[in-house]
Structure formats: structure tokens, C-alpha cells
Amino acid sequence: MARTTKKNKAQINKQLWDRANNSHRQRWQHLSQKGFDFYLDEQLSKEEKDQLEESGMPTFTINRVTPIIEIMKYFVTANNPKWKAVGATGDDVDTAQVHSDIADYCWYLSNGKSLYSQIALDALTKGIGYFLIDVDKDADRGMGEVRFSRLDPYDVYVDPASRDFLFRDANFIQVRKNIARTRLINMLPEFEAKIKKVSKSTDVISYSERDTELGGFSQPEDITMGISLEAEDEDIIPYYETYSKKKFPYRNVYIKVNPSPAEMDNIKEAVQKELSDFRQEIEVGLMEKQMQIEQAAQAGEIIPERAQLEIKKSQEMAAQAIKEKEMQLMSEAQDAATQVKQQIMSESDYKILESNAEAKKNILDSIKFFENRIVQTCSAGDDVFLYEYILPLNEYPIIPIPYMYTGTPFPMSAVTPLIGKQQEINKAHQIMLHNANLASNLRWMYEEGAVPEEEWEKYSSSPGALLKYRQGFATPTPILPAPINNAFYTVVQQGKSDIEYISGVPSAMMGFAQDQAETYRGLLANDEFGTRRLKAWMGSVVEPALEHIGKVFQKVSQKHYSVEKVFRIVQPEAGQSPQEQEKEVRINIQIYNDYGEAIGKFKDYASARFDVRVVAGATMPVNRWALMEEYFKWFQAGLIDDIAMIAETDIRNKKQVIERKSLYAQLQGQVSSMEDSMKDKEGTIETLERQLVQAGIKMKVGTASNEIRKDVLETEAQQKLLRGMLKVEFEKMRDQMKMDMETTKEDVAKNEQH
């Protein structure tokens with residue numbers, strides 16, 4: 001198989017674009033562009049405008065598309081998406097908890113709120129929007145940051161054979177841009193020499209062409225000729241980024257990791273401690289053995305030479321036993337301290353590891369497998385190769401959000417089904433206004449030469465004007481317009497209803513007062529029923545796409561954030577101070593032993609294993625009034641207390657109010673407890689009085705009664721003190737809540753005025 005050269009790779013990029021930019025793609029872009037134009041209220045072509053102007057008809061439009069698209073966009077992007085990470089094992093739980101914070105951090109850096117709104121608008125008006133997740137290598141002083149970004153749908157070309165709505169089965173996804181040469185050099189300064197060699201391309205057009213063959217038209221000329229800092233025109237060149245999937249061989253390697261020198265010192269120390277007991281036992285046994293041999297020699301049972309030989313043999317056996325025991329303990333301790341590490345590495349890295357004889361001894365097992373990797377190939381012009389990277393991803397970093405999936409890479413927008421009805425409404429209004437103009441400005445029929453034409457053109461529509469005509473000619477006759485057909489009014493009203501029916505967005509959702517329900521329940525019902533189609537799109541398309549975005553982000557961020565890093569995260573929330581809204585998240589914290597050696601990481605983000613899920617419905621708006629009504633019902637039913645209900649409100653100084661309420665409840669509980677205690681003591685007094693009277697020892701009754709009444713008086717004094725404290729705290733809380741309510745009313749009044 002012939003080796004693919006760099007020039008060939010650049011030519012392949014160009015060929016992929018030629019194949020992806022087929023007639024189906026061009027037709028889709030034509031229809032998509034038309035839908036986007038209708039959203040922008042560019043609903044008449046130049047030819048249509050010229051025809052209307054020649055006929056004396058108005059050229060205005062009644063745009064009913066934009067309000068519908070804007071309210072749909074709002075319901076989809078009211079809140080930021082939320083991703084939840086769940087650790088695969090207990091060790092990964094702590095790290096998984098910070099992943100959501102890291103995602104929020106990168107989302108904030110990327111201006112995710114506006115970004116998500118633009119991509120949702122692309123999906124609604126153009127049929128599809130695109131997220132791109134990559135690394136800004138220059139951010140954070142060269143340390144880099146993971147960022148979300150948007151791609152223009154018209155710059156993205158997908159494998160036409162793809163049938164997955166997220167294009168996960170595509171052989172390639174290509175980004176092709178027409179870009180000024182100096183701008184490309186500024187983007188990729190390390191490839192300046194190559195970029196300067198790129199020749200002009202005939203594929204770069206000077207205007208936005210929808211599809212002239214399909215009867216489309218051209219927009220006003222784009223800014224396709226770049227202007228350099230020297231105010232000179234410069235040429236535009238095509239730039240290609242092609243992402244493709246390719247299988248690479250990998251190894252799942254199990255490696256034995258021996259204890260470190262520091263760990264070996266600890267092992268030796270522990271072995272010697274355990275060995276000392278064994279050595280003492282052996283030494284005592286040896287002494288007993290020697291005594292027995294010496295006694296036998298003294299008794300004449302054995303000769304002295306035999307005794308010396310037996311003693312020497314016993315000493316050698318004892319030393320050998322101690323040595324074997326030491327070796328056994330060391331072996332067991334080493335085995336216990338030795339770890340088996342699982343590591344995924346490329347086939348080339350595995351061969352390097354295997355070539356090292358010492359490292360090869362520690363390889364216990366290896367399993368070969370193949371896994372997809374994303375290859376990014378970039379080029380400029382027709383044949384200038386720039387670079388190629390193998391990304392640490394098995395899924396494309398480009399994630400689409402289509403509106404109406406068609407089974408192909410060419411989805412339909414929300415505007416496309418509305419175009420016919422919008423044209424119908426425009427035409428009906430134009431005809432009705434034209435008829436009204438004709439009725440107000442009559443046309444006249446006269447014999448040539450019968451009237452002074454300039455005078456009649458100037459004054460024929462003026463109230464009370466006297467118009468003269470020449471003797472000998474017939475009297476000029478007015479030409480009255482035909483009465484407008486009532487069907488036009490029906491067409492307009494029916495067109496409005498049809499647009500709402502097709503889009504699934506009733507006018508009540510757009511805030512029109514005349515269409516609102518009369519009751520609060522009715523308003524909630526309008527929100528519920530009016531958003532069902534949007535919820536269906538969210539549940540079947542948008543949220544699966546967001547979940548896929550979360551998983552791709554996980555892989556990119558875990559690969560990039562591999563060193564110790566502190567994330568400063570701001571999470572504004574009503575009722576919190578600026579200090580409470582800020583928090584720090586640390587990952588990859590190095591752990592050192594007593595010798596200063598790095599022995600591991602706390603919150604090891606790069607190696608943590610966890611699964612990412614998107615929180616369903618997190619981006620949809622929340623009806624605060626309906627939610628507070630539900631909380632109030634739960635409060636009345638006794639399911640929650642007032643503190644829990646206050647926690648869900650947006651009042652200012654919410655935390656302080658909750659603290660005061662908690663203190664108030666605590667003091668009230670103490671007062672109630674003392675009141676119960678007083679009742680018990682009073683009952684005790686009465687019982688003792690009855691008992692003492694009956695026993696005839698009234699004198700002791702007085703003494704006992706005084707002692708108990710003393711306790712009661714002390715309790716009453718404590719009660720009065722607590723009641724005073726309670727009253728003060730209650731008055732403070734009441735005054736503060738009044739101030740909070742007044743402030744809230746002022747804010748609401750300002751918002752309503754705005």
C-alpha cells in the first residue's frame with residue numbers, strides 16, 4: 001500500500017469537500033437560507049419587489065415568523081444545561097462531584113449562555129446548529145482551557161452516508177471556511193510560510209449564492225475580500241479541517257509495580273520487628289538444646305566431641321531457620337505492597353516498554369484491542385498540507401443539534417413549513433392595502449388633450465379641488481376599484497391561525513393579552529399545552545445531544561486537565577452574599593511521603609472513571625409563581641415548614657431571614673418546654689400539699705412548698721427573660737421582612753416599567 005504524502009492529504013480534503021457539496025447539500029442550503037431570511041424579515045426577492053413596484057403595489061411584509069421563533073428559542077434556552085457526573089467506584093465519587101463545577105467553569109469561560117442561544121437559533125431557522133469542543137492552548141498563560149464554541153452550519157460538511165441524527169456514524173465531518181490569508185496566519189502563526197504559498201482558489205465566490213438553478217437569488221455582497229491592516233485588499237483562501245474516525249491498536253496492560261525505596265525501608269523495619277519475636281523463640285530453644293547436650297556429655301552418655309558437633313549443628317539450624325523466616329516475611333510483605341496497575345497504551349508505546357528487559361519482567365498480561373480515534377487533518381487551498389493530529393477522542397468534537405431530522409445530514413428548520421403561510425399573509429395584506437390606495441387615489445379616463453395632465457395629477461386627490469377640462473371633449477370619467485373581497489380578511493385570519501397550528505406556538509405563549517386565559521389556572525394550562533411540542537423536541541433531540549456534548553467534554557477535559565489546578569467558580573444565587581457565591585475547586589492534588597516523593601494524587605481527575613448525564617428539563621423556564629403556589633400548599637398541608645418554603649423564594653437576604661426564623665423557633669421551643677415544666681411543678685405542689693395535710697404535718701408543707709415555689713419563681717424569671725429575647729428577635733425579623741418586602745416591591749415595579 002502506497003504511503004499517503006502530505007500533499008495527498010491536502011488533496012483528499014479538497015476531494016471530500018467536492019463530494020459533500022453535492023446537489024442535495026446545495027438544495028438543503030438553499031431552503032435553509034430561505035428560512036433564515038424569512039426569520040430576518042427578508043421575505044421578498046429583488047424580482048418580487050421589482051414586480052410589485054412596477055404594479056404600484058406595496059412591498060411591506062407582516063412578519064409572523066420572528067416572534068414564533070424567538071419564543072421557541074426562549075423556552076429552549078431559558079436556563080443553562082446541567083450535567084451530573086456519577087462515579088464508577090467509591091474512589092471516584094469525590095472527583096465526579098467536581099466535574100459539574102468544571103463544566104460550569106468552562107461554560108462560563110465560553111460565554112455558554114449566548115452560545116447556546118445562537119446554536120438553538122441556528123437549529124430553528126437553518127435546520128441545524130453545531131457545538132465544537134476544543135482546547136484554547138493559549139488561555140491561562142499557555143496552560144490552556146477547554147472551551148465550547150459555535151460553528152456556522154453552512155461551514156460544516158458531513159458524510160452524506162451518515163444516518164445517525166448526531167452524525168456518530170459519519171466517516172468524516174469537515175469544516176470548510178473562506179478566510180482572509182492574514183487572518184489565517186494570525187490563527188496559525190507557526191504555519192505562516194506554508195499559508196503564504198497557498199494560491200487563490202476558484203471555489204471562493206464573491207457573494208452569498210443560495211442556488212440560482214433552483215430559482216433562488218443572491219443576497220447583498222458579503223465581505224469576502226479581506227482588508228489588511230495597511231487598508232489594502234487581500235485575497236481569500238479556502239481552509240479545511242477534516243475530522244475522521246480511524247481504528248488504532250491499543251494494549252490493556254497489567255503491570256506489576258514494586259514498592260518504592262521508602263516503602264522498602266518501612267517493610268524492612270516491620271519485618272525486623274516481627275522477626276525479633278521469632279529469633280527470641282529460636283534462641284531459647286537453642287539454649288535448651290545446648291543444655292540437654294551438655295548434661296548428656298557430663299553423664300557420659302555421649303563423648304565431648306559428639307556434644308560439640310551436635311551444638312554446632314543446632315546453632316547452624318537455628319541460624320538457617322531465622323534466615324528462612326526473614327526471607328518468608330520479606331517476600332510476604334513485598335507481595336502485599338506490590339500493586340498491579342492497569343494501563344491503556346498504544347501499540348507503539350507497548351513495544352517500547354517490552355523492549356526494556358527490566359520492565360518486561362513486570363508485565364503480567366496484555367490484551368490487544370482496537371479503538372476509534374479522531375484524526376484532525378488541516379490544509380489550505382487545493383494542495384497545501386498544514387498539520388494532522390490524533391485527538392484523544394473516540395467521538396467527534398463537533399456535535400449537531402438538528403430541529404427536524406430527515407434521516408439524512410440535511411434536517412429541516414422550524415421556519416420552512418411556515419414559509420407558504422407567511423407568503424399568503426403578505427400577499428393578502430399587500431392586495432388589501434393596494435385596493436385601499438386605489439380607492440383613495442382615483443384613476444381617471446379621458447380623451448387625449450381633454451385635461452391639463454399635470455394639474456390633474458397634482459390636485460385630483462385633493463379634497464374640494466376644482467378640476468377643469470377643455471370644451472369639445474367628453475367629461476373625464478373616474479375608474480372605481482372593484483370592492484375588496486371579504487375572503488381576503490378570512491385569508492389573513494386563517495393564515496394567522498394556521499401559522500400557530502403548524503408551529504405549535506399559540507399567540508397566548510407570545511404574551512398577547514387578548515389571547516390570554518382569564519384565570520391563573522388557565523395561564524398555567526396555556527404554558528403546559530403550548531410547550532408540549534417543544535418538550536417533545538427537547539426530550540428526543542436536544543437533551544440527547546446535550547448529553548453527548550457532556551460526554552465529549554468529559555473526555556476532552558480529563559485529557560487536558562492532568563496537572564494540579566484551582567478553578568475559581570462563581571455561582572450567583574438570590575439571597576447569597578458575594579463571598580457565598582464564590583468557591584474554589586482543586587483537582588490533581590499531589591500526595592507526598594516522608595521522603596518528599598510523589599506517591600499519588602488526591603482527586604485524580606485525569607484517571608477518574610465516572611458517567612455523565614444531562615439533567616432533564618434543566619434548560620426549560622420555570623414558572624416561579626406556579627412553583628411557589630405548590631410550596632404554599634405543601635406548607636399548609638404540613639409537609640414542609642416555613643423555613644423550607646422561604647429557602648425556595650428569591651427574596652433578598654434569604655439566608656439571614658432563615659437564620660432569624662430558626663432562632664425564633666428555637667426560643668419558642670424553649671419557652672414551651674419551660675411552660676410544661678412549670679405545669680408539672682405546680683401539679684407536684686398540689687399533690688404534696690394534699691399529702692402533707694392528710695399526714696398532719698402542715699409545717700413541712702410550708703417548707704416544701706416554699707422550696708418548690710422558689711424553683712417556680714426561678715423558672716418564671718427565666719421564662720420572662722426568654723420571652724423578652726423572643727420579642728426582640730421577633731421585632732427585628734418583622735422589621736427586616738418589611739424592608740425586604742418593600743425592596744422586592746420596588747424591584748418588581750422597576751421590572752414591570754422596564
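If you add up the charges near THR619, with Lys and Arg at +1 and Asp and Glu at -1, over every other residue whose beta carbon is less than 15 angstrom from its beta carbon, what do you get?
+3
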| said: So, R0 is 41 Å and r is the distance between the beta-carbons of SER45 and ALA616; what FRET efficiency does that work out to, to 0.05? | reply: 0.45
| Debye sum, Cα scatterers, region 1-96, no solvent: what log₁₀ I/I(0) at q = 0.10, 0.13, 0.21 1/Å? | -0.71, -0.85, -1.07
| said: Whole angstrom only: what separates the Cα centroid of region 329-355 from the Cα centroid of region 40-92? | reply: 57
| message | Let's test the formula: R0 of 60 Å, r as the Cβ-Cβ distance of LYS583 and GLN334. What FRET efficiency results, to the nearest 0.05? | response | 0.85
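Taking 0.36 nm per residue of separation and subtracting the Cα-Cα distance, what length does fully extending THR490 through GLU371 add?
Details: separation 119, 0.36 × 119 = 42.84 nm, distance 6.20 nm.
Contour length minus Cα-Cα distance gives 36.6 nm.
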| note | Here region 127-184 gives, from Cα atoms, an Rg and Dmax in Å of 14.3, 42
| Applying 1/(1 + (r/R0)^6) with R0 = 35 Å to the Cβ-Cβ distance of MET345 and VAL566, what FRET efficiency is obtained, to the nearest 0.05? | 0.70
| said: Can you tell me, using C-alpha contacts under 8 Å and at least 6 residues apart, the relative contact order of region 252-367 as a whole percent? | reply: 60
| message | Considering all projection directions equally, how large on average is the shadow of the alpha-carbon convex hull of region 98-210, in square nanometres? | response | 10.2
| task | Return the distance in nm (one decimal) between the two label points of a simple spin-label model at MET317 and ASP277, each offset 7 Å from Cα along Cα→Cβ. | result | 2.4
| task | Please give the contour-minus-distance gain from GLU54 to ASP136: 0.36 nm per residue of separation, less the Cα-Cα distance, rounded to one decimal in nm. | result | 24.1 nm
| field | Distance in nm between pseudo-label sites at ALA536 and LYS559 (7 Å out along the Cβ direction from Cα) | value | 3.8
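Average the reciprocal distances over every distinct pair of alpha-carbons in region 311-373, invert the result, and give the Kirkwood radius in Å. Intermediate results must be reported in sequence, preceding the final value.
Numbers: mean 1/r = 0.0638 Å⁻¹.
The Cα-based Kirkwood calculation yields 15.7 Å.
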| task | Using the Karplus curve 6.51 cos²θ - 1.76 cosθ + 1.60 with θ = phi - 60°, work out ³J(HN,Hα) for each residue of region 303-317 in order, rounded to whole Hz, and write x for Gly and Pro. | result | 6, x, 4, 5, 4, 5, 5, 5, 5, 4, 4, 5, 5, 5, 5
| remark: For region 252-367, the percent of all C-alpha pairs falling in each 10 Å bin, from 0 up to the bin holding the max distance, is 12, 25, 19, 16, 12, 9, 5, 1
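Here, each number is a calculation from the coordinates, and none is a lab measurement. Every value quoted in this text rests on a predicted model; they were computed, and no experiment measured them. Here Cβ is always computed from backbone atoms with ideal geometry, including for glycine, and neighbour counts include all displayed protein chains.
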